[in-house]
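Here it is, the structure in full.
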Amino acid sequence: MKLQQLRYIWEVAHHDLNVSATAQSLYTSQPGISKQIRLLEDELGVEVFARSGKHLTHITPVGETIIQQAGEILRKVESIKQAAHEFRDEKTGSLSIATTHTQARYALPQVISGFIGRYPDVSLHMHQGSPIQIAELAANGEVDFAIATEGLDLFGDLVMLPCYNWNRSIVVPKNHPLATASRVELQDIAEQPIVTYVFGFTGRSKLDEAFQKEGLEPKVVFTATDADVIKTYVRLGLGIGIIADMAHDLDEDPDLVALDASHLFSPSTTMIGCRRGTFLRGFMYDFIELFAPHLDREVVNKAFNAQSRSEIDQLFENIQLPFR
């Protein structure tokens with residue numbers, strides 16, 4: 001059994017069983033991958049993939065287990081490489097992050113700028129997606145950190161640490177009837193067409209919970225994953241916008257009025273996390289602390305050594321999270 005063979009079955013499984021696409025991504029030949037997979041199956045005495053002619057059709061039940069364990073082995077190998085790299089040169093390497101548009105656009109720019117200033121020889125890679133996509137990328141070891149607000153139940157394989165709380169603003173054009181309101185109520189919002197986030201994105205569940213609790217049915221006429229897109233359609237008069245506070249900028253949005261909605265919706269918490277057992281290099285600790293100053297190396301290590309989610313919750317119960 002070779003690491004190369006484990007890499008091949010892992011990659012084929014994550015390229016929708018397309019051996020040609022896998023070969024292209026690994027800069028090798030399709031026949032070479034097929035041969036190595038066959039050799040591995042012969043050695044194990046079981047089929048990892050079912051076939052129809054020369055085509056792979058699905059992963060066998062035993063193949064699911066083998067591929068899962070192969071992924072764990074490959075991640076351990078990567079951790080060994082990272083540990084060696086840390087001792088060779090602690091200020092070079094790469095860091096990959098999976099997050100949503102709102103975090104990438106509004107929460108991370110200053111953090112990344114500060115990080116690059118401190119570690120100019122570390123290459124940064126950012127992947128944007130839905131909470132499901134973010135969870136998959138992190139769980140599969142394709143990224144180092146996941147940063148998200150919604151879908152925390154999707155992150156069962158990850159140690160997720162609370163970074164900050166945030167709430168929402170109602171954004172309307174300056175000529176909108178609500179623009180001069182000193183205080184808006186949920187009934188006022190329910191009477192208006194609403195433009196907001198797609199369900200499952202950026203605290204959308206808190207919005208839905210608030211309306212359900214009051215027995216109101218919101219008129220959501222347009223949804224998007226991108227706060228800038230939401231603001232664009234508010235400007236077009238499609239409806240009032242409900243976005244994260246941080247997504248309204250006085251300099252960039254002078255034509256929009258932001259109304260406080262913190263009394264209408266429960267705050268949401270943004271989290272950062274990575275797979276348990278990951279070897280954290282020095283610059284990875286520093287990135288976490290730049291993003292959330294209360295998450296210093298000592299606190300992060302305690303969280304990673306915790307045996308359960310409840311232990312992690314207890315670690316943070318006396319820490320006052322900042323609002324953004």
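The values are calculated or read from the model by the stated rules, or taken from the named source; none is laboratory data. Fair warning: this is a prediction, and the values are worked out from it, not measured in the lab. In this analysis, Cβ positions are derived from the backbone assuming ideal geometry, glycine residues included, and neighbour counts consider all displayed protein chains. SASA here: full protein model, heavy atoms, side chains in, ligands and nucleic acids out. Shrake-Rupley method; radii C 1.70, N 1.55, O 1.52, S 1.80 Å.
Considering only residues of segment 25-34 that are hydroxyl-bearing (S, T, Y) and either closer than 15 Å to L6 by Cβ or not in a loop (DSSP other than H, G, I, E, B) (or both), which is modelled with the lowest pLDDT? Full working, then the answer.
Keep residues of segment 25-34 that are hydroxyl-bearing (S, T, Y), which gives 25, 27-29, 34.
Applying the additional criterion that residues be either closer than 15 Å to L6 by Cβ or not in a loop (DSSP other than H, G, I, E, B) (or both) yields 25, 28, 34.
Values: S25: 85, T28: 89, S34: 90.
Applying the filter and picking the extreme gives S25.
How many of the residues in segment 35-54 are open to solvent by 50 Å² or more (accessible area, probe 1.4 Å) and in a helix (DSSP H, G or I)?
So the answer is 6.
Just a yes or no: is a residue in segment 1-18 more than 26 Å from R275 (Cβ to Cβ) and either outside any loop (DSSP other than H, G, I, E, B) or hydroxyl-bearing (S, T, Y) (or both)?
Looking through segment 1-18, none of the residues is more than 26 Å from R275 (Cβ to Cβ) and either outside any loop (DSSP other than H, G, I, E, B) or hydroxyl-bearing (S, T, Y) (or both).
Just to check your reading of the model, which residue among T57, T22, T65 is exposed (fewer than 12 other Cβ atoms within 10 Å of the Cβ) and either closer than 17 Å to K2 by Cβ or under 33 Å from the mean Cα position of the chain (by Cα) (or both)?
Going through T57, T22, T65 in turn, just one is exposed (fewer than 12 other Cβ atoms within 10 Å of the Cβ) and either closer than 17 Å to K2 by Cβ or under 33 Å from the mean Cα position of the chain (by Cα) (or both): T57.
May I ask you to list the residues in segment 225-261 that are in a loop (DSSP other than H, G, I, E, B) and either under 24 Å from the mean Cα position of the chain (by Cα) or of a type in the set (D, E) (or both)?
T225, D226, H248, D249, D251, E252, D253, D255
Sticking with this structure for a sec: Could you check, for segment 193-206, whether at least one of its residues is open to solvent by 50 Å² or more (accessible area, probe 1.4 Å), within 29 Å of F145 (Cβ to Cβ), in a strand (DSSP E or B) and among the β-branched types (V, I, T)?
Within segment 193-206, none of the residues are open to solvent by 50 Å² or more (accessible area, probe 1.4 Å), within 29 Å of F145 (Cβ to Cβ), in a strand (DSSP E or B) and among the β-branched types (V, I, T).
Which is touching a helix residue (DSSP H, G or I) at 6+ places or on another chain (Cβ under 9 Å) and open to solvent by 50 Å² or more (accessible area, probe 1.4 Å), of E217, E209, E185?
E217
From Y8, Y27, grab the single residue that is at positive phi and hydroxyl-bearing (S, T, Y).
Every option except Y27 fails the conditions.
If you take just the strands (runs of 3 or more DSSP E) that sit entirely in segment 78-162, which of them hold at least 2 residues that are open to solvent by 10 Å² or more (accessible area, probe 1.4 Å) and out of contact with any Leu (no Cβ under 6 Å at 6 or more places or on another chain)?
Result: 93-99, 122-128.
Taking interchain pairs and intrachain pairs at least six residues apart, which have beta carbon atoms under 7 angstrom, with the first residue in segment 31-47 and without any contact (Cβ under 8 Å) to a residue 60 or more places away in the chain and the second assigned to a helix (DSSP H, G or I) and open to solvent by 80 Å² or more (accessible area, probe 1.4 Å)?
So the pair list comes out as Q36/Q4.
Any idea which of L321, L280 is assigned to a loop (DSSP other than H, G, I, E, B), without any contact (Cβ under 8 Å) to a residue 40 or more places away in the chain and crowded, with 16+ Cβ neighbours inside 10 Å?
The unique qualifying residue is L280.
Can you tell me which residues in segment 282-307 are within 20 Å of A148 (Cα to Cα) and at pLDDT below 90?
The one that is within 20 Å of A148 (Cα to Cα) and at pLDDT below 90: F304.
How about segment 222-238: which of its residues are closer than 19 Å to L264 by Cβ and open to solvent by 10 Å² or more (accessible area, probe 1.4 Å)?
Listed by number, the list holds a single entry, T223.
L256 - would you say it is over 23 Å from N165 (Cα atoms), aliphatic (A, V, I, L, M), touching a residue at least 24 places away in the same chain (Cβ under 8 Å) and buried (at least 19 other Cβ atoms within 10 Å of the Cβ)?
Yes; evaluated as a whole, the condition is true for this residue.
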